[in-house]
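Asker: Quick one: structure below, then a few questions.
What follows is calculated from the coordinates using simple rules that are stated; it is not laboratory data. This structure is a prediction, so every number in the text was calculated from the model and none was measured. Every residue, glycine among them, receives a Cβ derived from its backbone with ideal geometry; neighbour counts consider all protein chains shown.
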């Protein structure tokens, strides 16, 4: 509302409405922030979940090696063979979409790259002297990781 008390419709950006107002006198910035919230939640938690799951799979796979590495890397290879967009659309066809379901789908399909990167780094680091010293001193696997 302006000083006279009338509604500001289609006004230019001001201090009170930094993006201006709509034809109905609503603040564009507040509408933008409200509509961006689900996207922000999916992006933030999808990224955190993808990184965390990929980190854990890569760390365990690289540290233990042997059959554990084989099983986890074959599972990773399986996820590489599944295309993200068609599979996500197929899953969302059968269930009601929600922010948390979409976040889960993103995590379920996109953890593979961080897992590969972390695994390759762990394979490199586990042969260094300080890791061998930790094992020799009796540190647990969890502490050594």
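Asker: Give the number of residues within the range 46-73 that are surrounded by 12 or more Cβ atoms within 10 Å (Cβ to Cβ), on the phi > 0 side of the Ramachandran plot and either touching a helix residue (DSSP H, G or I) at 6+ places or on another chain (Cβ under 7 Å) or assigned to a helix (DSSP H, G or I) (or both).
Answerer: 0
Asker: Here's another thing I want to ask about it. Please enumerate the residues belonging to the range 11-38 that are over 30 Å from residue 106 (Cβ atoms) and not in a loop (DSSP other than H, G, I, E, B).
Answerer: Across the range 11-38, the qualifying residues are 21, 27.
Asker: Now for a different question. Checking the structure you have, find out if any residue of the range 123-140 is buried (at least 18 other Cβ atoms within 10 Å of the Cβ) and either touching a helix residue (DSSP H, G or I) at 6+ places or on another chain (Cβ under 8 Å) or on the phi > 0 side of the Ramachandran plot (or both).
Answerer: Scanning the range 123-140, I find no residue that is buried (at least 18 other Cβ atoms within 10 Å of the Cβ) and either touching a helix residue (DSSP H, G or I) at 6+ places or on another chain (Cβ under 8 Å) or on the phi > 0 side of the Ramachandran plot (or both), so the answer is no.
Asker: Residue 22 versus (1) surrounded by 16 or more Cβ atoms within 10 Å (Cβ to Cβ); (2) in contact (Cβ under 8 Å) with a residue 12 or more places away in the chain; (3) over 20 Å from the mean Cα position of the chain (by Cα): which is the lone unmet condition?
Answerer: (1)
Asker: Closer than 26 Å to residue 44 by Cβ and loosely packed, with under 11 Cβ neighbours inside 10 Å: which single residue out of 103, 76, 93 fits that description?
Answerer: When all the criteria are applied, what remains is 93.
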